[in-house]
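S.K.: Supplied in C-alpha cells, the structure appears directly below.
The values are calculated or read from the model by the stated rules, or taken from the named source; none is laboratory data. Bear in mind the structure is a predicted one, so any value in this text is a computation, not a measurement. Cβ sites come from the backbone with ideal geometry, for glycine too, and all protein chains shown count toward neighbours. To get the accessible areas, we keep the full protein, side chains included, count just its heavy atoms, and leave off ligands, DNA and RNA. Shrake-Rupley method; radii C 1.70, N 1.55, O 1.52, S 1.80 Å.
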Amino acid sequence: HVFDRNANRLDRHVGTVIHLALELLSQLPELPVQIPGQLLHRLEQSLKSLGVWGASLELSMARVQAAVERTINDEKGRWILSSSHPQAASEFALTRVVSGEAMDLVIDRTFVDLDSGERWVIDYKNSAPAEGVSVALFADGEAKRYSEQLKAYRDAISKLGPQPVRCALYFTSLGLLHPLPELNSC
C-alpha cells in the first residue's frame, strides 16, 4: 500500500506541475514548439518544492516534459493554450452558490472561440488508458467520471455572458481533446 500511496502522490504532483506549465504557456503571446529551458527549470523547482527528489524527480520531470511537449505540438492543444482568445483564462477561480451553499471552483482553461462565439471550458487530465483499453473507451469513461464536475463549471461560467458553453476534457498524455456534447448549453 505504501507504493500505491507514493505513486498516487507522485501522479498528483506531476498533474499539478503540468497544470502550472500549461497556465504559464497560455500567458505567452506566442506558443513555442519546445519547452523553454527557463520554464523547465521552474517546473523542476516546483516538483522539488512538492517534495519530489532523486529518481522520482527524474521520472516525474520526464512525465511532465512529455505531456507538455505533446500538448504544445498538438493542433488542438495549441488552440486551447492560445493567448489570442477573447476572455481567455487559466486556473480560473469562481464561486458558485447553490441553495445557499458556496462551492469554490477552479477551471483549468476557459475562453471564447472567435470563430464560433462559443465559450469553452476545458478540464485537463493527465491520465492515460490502462494497457489493452482503447482510447475511445478510456475517454468515454473519464467523461462519465468528470461530467458532474464539468456541469458545475458550465453552470457557474454560463452566468458570465450570453455565449453558449462547450465542455471538454483535454488529455495531456495523449494530446486528445474530448468534447462532451451532452453538456453543451444553448
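S.K.: Considering amide H positions built from the backbone, and no H for Pro or chain starts, which residues 5 or more places from LYS125, or on another chain, come under 5 Å of its amide H?
M.R.: Here TYR170, PHE171, THR172 satisfy the definition.
S.K.: What is the spin-label model distance, in nm, from SER127 to ASN8 if the labels are put 7 Å beyond Cα along the C-beta direction?
M.R.: 1.3 nm
S.K.: Right, something else. Only Lys, Arg, Asp and Glu count, each charged at its Cβ (+1, +1, -1, -1), so figure out the dipole size of the chain about its Cα centre, rounded to 20 debye.
M.R.: 240 debye
S.K.: Ignoring everything but the protein chains, give the 1.4 Å probe accessible area of LYS151 in square angstrom, nearest 10.
M.R.: Solvent-accessible area, nearest 10 Å²: 70 Å².
S.K.: Pick out, from LEU183, LEU169, LEU137, the residue whose Cα sits farthest towards the positive end of the charge dipole of region 112-186, with +1 on the Cβ of Lys and Arg and -1 on the Cβ of Asp and Glu.
M.R.: Towards the positive end, the residue furthest out is LEU183.
S.K.: Another question, then. Keeping every protein chain present and rolling a 1.4 Å probe, give me the accessible area per residue for the chain in Å².
M.R.: 54 Å²
S.K.: Could you order THR71, THR16 so the one with the most accessible surface comes first? Probe is 1.4 Å.
M.R.: THR16, THR71
S.K.: Could you put ASP140, ASP155 in order of accessible surface area, largest first, with the 1.4 Å probe and the full protein assembly present?
M.R.: From most exposed to least exposed: ASP140, ASP155.
S.K.: Need the C-alpha centroid separation for region 135-186 versus region 42-57, integer Å.
M.R.: That distance is 30 Å.
S.K.: Can I ask one more? Return the whole-Å distance between the Cα centroid of region 76-121 and the Cα centroid of region 6-39.
M.R.: Using only Cα atoms, the two centres lie 18 Å from each other.
S.K.: Same structure again: Starting from the 7 Å offset along Cα-to-Cβ, what nm value, one decimal, do you get for the label separation of ALA136 and GLN45?
M.R.: About 4.6 nm, to one decimal.
S.K.: I would also like to ask the following. Which listed residue (SER83, SER49, VAL14) has the Cα farthest towards the positive end of the charge dipole for the chain, taking +1 on Lys and Arg C-beta and -1 on Asp and Glu C-beta about the Cα centre?
M.R.: SER49
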